[in-house]
Every structure is written in C-alpha cells, then in structure tokens.
Amino acid sequence: MSLSDLPALNATLNAISGVLLMSGYAFIRRGHIRRHRAAMISACIVSALFLTSYVIYHANIGSKPFTGRGSIRIVYFTILLTHVLLAASVLPLALITLSRGLRARFDRHVAIARWTFPIWLYVSVTGVIVYFMLYRM
C-alpha cells in the first residue's frame, strides 16, 4: 500500500465506522447491550485507525484542492466545512461517551451519547462524501 492509497482506505474506514455506529444504535434500541458495546468499541478502533491513516497521509502529501466548478463548489465546501467543524468534536465526545459507558455510568453515558452519536455518524458519512467529491468526481 502506498500513500496514494490512503484516501480510499480512509473513506472505507469512515464507511465501516458509520455501519458500526448504526449497528450499535440498533443493538441498544433492542436491548442487546453486549452487542452494542462490541459495535461501539469497534467503531472507536476503526475511527482510531482512520485518524492514524489520515494524519499519515496529510503529513506526507498535504491537501488536495477541489477542482469542481460551478455550484458543486458551494455544495462541496458546505459539506467540508460542517464535516471539519464537527470532526473536531468527535474525538473528545467519543472518549467521554466510551469512558462513561465502560465505567457503567449509564445515565451520564446516555446523556452525552445523544450528542455524540449523530455528530459522529454525520462526520463518518460526510467523510465518505468528501472523498468521492474530491477523488472520484
């Protein structure tokens, strides 16, 4: 694998994280606590792998400019801006949520998970969208 393969890997890791997040949510709604825990811990691990790969890529390659023209630029930069702003909050939110869940502080876990889940899911999904708009359009 070369550095040029990392954007596709990053998009794949984001997609896997999104699937794990949705699975974890579905599991807890059905009362499957062990499955929920496994899915959410897996989402954290996959997201950590993503972050590592992302940093390696950008430390070595830098940024790729968006070459789309016309109204698609507004769409792209709107998605990118919201993605970046919310992505900055995912790591601390995920760590706090995970910590509270693992320490069985479920009332506090649920309170922050209501914020963490939609933000983290949005960042995972828009990460894939940004990849396709930047590298495949």
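A few remarks follow.
- Accessible surface, 1.4 Å probe, highest first, among residues H36, H58: H58, H36
- Largest accessible area first, the residues L91, L98 order themselves as L91, L98 under a 1.4 Å probe with ligands, DNA and RNA left out.
- Among residues other than M40 with Cβ under 12 Å from its Cβ, the summed charge is +4 (Lys and Arg +1, Asp and Glu -1).
- Among V46, V90, V110, the largest mean-square fluctuation in a Gaussian network model of the chain, built with springs joining Cα atoms closer than 10 Å, belongs to V110.
- Alpha carbon centroid spacing (whole Å) that separates the range 102-130 from the range 67-82: 25 Å
- Per the Debye formula on identical point scatterers at the alpha carbon atoms of the chain, with no solvent, log10 I(q)/I(0) at q = 0.12, 0.17 Å⁻¹ is -0.51, -0.91.
- Within a Gaussian network of the chain (alpha carbon springs, distance under 10 Å), most fluctuating of S23, S71, S99: S71
- Straightening the chain between T67 and S89 buys 5.1 nm, computed as 0.36 nm per residue apart minus the Cα-Cα spacing.
- A Cβ-based charge dipole, computed about the Cα centre of the range 1-111 with Lys and Arg at +1 and Asp and Glu at -1, lands at about 460 debye.
- Integer Hz, Karplus 6.51/-1.76/1.60 couplings in order for the range 12-22, x for Gly and Pro: 5, 5, 4, 5, 4, 4, x, 5, 5, 4, 5
- Positive dipole terminus of the chain, leading residue within Y54, S23, S89 (C-beta point charges): S23
- Degrees between helix 33-60 axis and first principal axis of the chain (Cα, 0 to 90, nearest 10): 30 degrees
- Mean accessible surface per residue for the range 7-75, computed with a 1.4 Å probe while every protein chain stays in place, in Å²: 64 Å²
- Max mean-square fluctuation residue, GNM over the chain, Cα-Cα springs under 10 Å, options A111, A48, A94: A111
- Helix axis angle, 71-102 relative to the chain longest principal axis, alpha carbon, degrees: 30 degrees
- In a simple Cβ point-charge model (Lys, Arg +1; Asp, Glu -1; nothing else charged), the range 55-137 has a dipole of about 40 debye relative to its Cα centre.
The values are calculated or read from the model by the stated rules, or taken from the named source; none is laboratory data. For clarity, every value in this text was computed on a predicted model and none was experimentally measured. Using ideal geometry, Cβ is built from the backbone for each residue, glycine included, and neighbour counts are taken over all protein chains shown. Side chains are part of the model used for accessible areas, which takes the heavy atoms of the whole protein and leaves out ligands, DNA and RNA. Shrake-Rupley method; radii C 1.70, N 1.55, O 1.52, S 1.80 Å.
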